[in-house]
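Enquirer: Let me give you the structure first, and then I'll get to my questions.
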């Protein structure tokens, strides 16, 4: 995915966007997309997951200030809600993600 497309995607107010930056040469991966998708579905929250290889997308890596792989970033409406850098237990990512979308739902309900 091109850098401009990633920036447009992260600016979306209609969904959460999770970017996982990784490298094929690194044995570390942080993400379990099916678990995150299940959490999003349980909360009726749209989620897009994009995997970006830092070797193939150096411009994206620079734009999102990636200096460690894996790095996982969670956006909505152009706001970075959470960032995990380096190897991380996928369960922690799932728990943090669930907390963010729960807080978002409460905040969104307050503004209706």
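The values are calculated or read from the model by the stated rules, or taken from the named source; none is laboratory data. A quick note: this is a predicted structure, and the numbers were derived from the prediction, not measured. Please note: Cβ atoms are built from the backbone with ideal geometry, for glycine as well, and neighbour counts cover all protein chains shown.
Enquirer: If we scan the stretch 22-42, do we find a residue that is surrounded by 16 or more Cβ atoms within 10 Å (Cβ to Cβ), assigned to a strand (DSSP E or B) and on the phi < 0 side of the Ramachandran plot?
Expert: yes
Enquirer: Regarding residue 105, is this residue surrounded by fewer than 20 Cβ atoms within 10 Å (Cβ to Cβ) and assigned to a helix (DSSP H, G or I)?
Expert: On the way: surrounded by fewer than 20 Cβ atoms within 10 Å (Cβ to Cβ): yes; assigned to a helix (DSSP H, G or I): yes.
Against the criterion (surrounded by fewer than 20 Cβ atoms within 10 Å (Cβ to Cβ) and assigned to a helix (DSSP H, G or I)), residue 105 qualifies.
Enquirer: Still on this structure: If you take the residues of the stretch 83-99 that are surrounded by fewer than 17 Cβ atoms within 10 Å (Cβ to Cβ) and part of a strand (DSSP E or B), which of them is nearest to the chain's Cα centre (by Cα)?
Expert: Within the stretch 83-99, the match that is nearest to the chain's Cα centre (by Cα) is 83.
Enquirer: Take the residues in the stretch 60-82 that are in a helix (DSSP H, G or I) and in contact with a strand residue (DSSP E or B) (Cβ under 9 Å, 6 or more places away or on another chain), then tell me which one is farthest from residue 27 (Cα to Cα).
Expert: Ranking the candidates gives 60 first.
Enquirer: If you scan the stretch 43-59, which residues turn out to be without any contact (Cβ under 8 Å) to a residue 40 or more places away in the chain, touching a strand residue (DSSP E or B) at 6+ places or on another chain (Cβ under 9 Å) and either more than 19 Å from residue 5 (Cβ to Cβ) or not in a loop (DSSP other than H, G, I, E, B) (or both)? Working first, answer last.
Expert: As a first pass, look at the stretch 43-59 and keep what is without any contact (Cβ under 8 Å) to a residue 40 or more places away in the chain: 44, 46-49, 51, 53-56, 58.
Filter once more, so that each one left must be touching a strand residue (DSSP E or B) at 6+ places or on another chain (Cβ under 9 Å): 46-49, 51, 53-54.
Result: 47, 48, 49, 51, 53.
Enquirer: Return only the number of the condition from (1) at pLDDT below 95; (2) under 15 Å from residue 10 (Cα atoms) that residue 64 does not satisfy.
Expert: (1)
Enquirer: Turning to a different aspect of this structure: Would you confirm whether any residue within the stretch 38-49 is farther than 22 Å from residue 104 by Cα and over 14 Å from the mean Cα position of the chain (by Cα)? Lay out the reasoning, then the answer.
Expert: Residues of the stretch 38-49 that are farther than 22 Å from residue 104 by Cα, as a first pass: none.
Within the stretch 38-49, none of the residues are farther than 22 Å from residue 104 by Cα and over 14 Å from the mean Cα position of the chain (by Cα).
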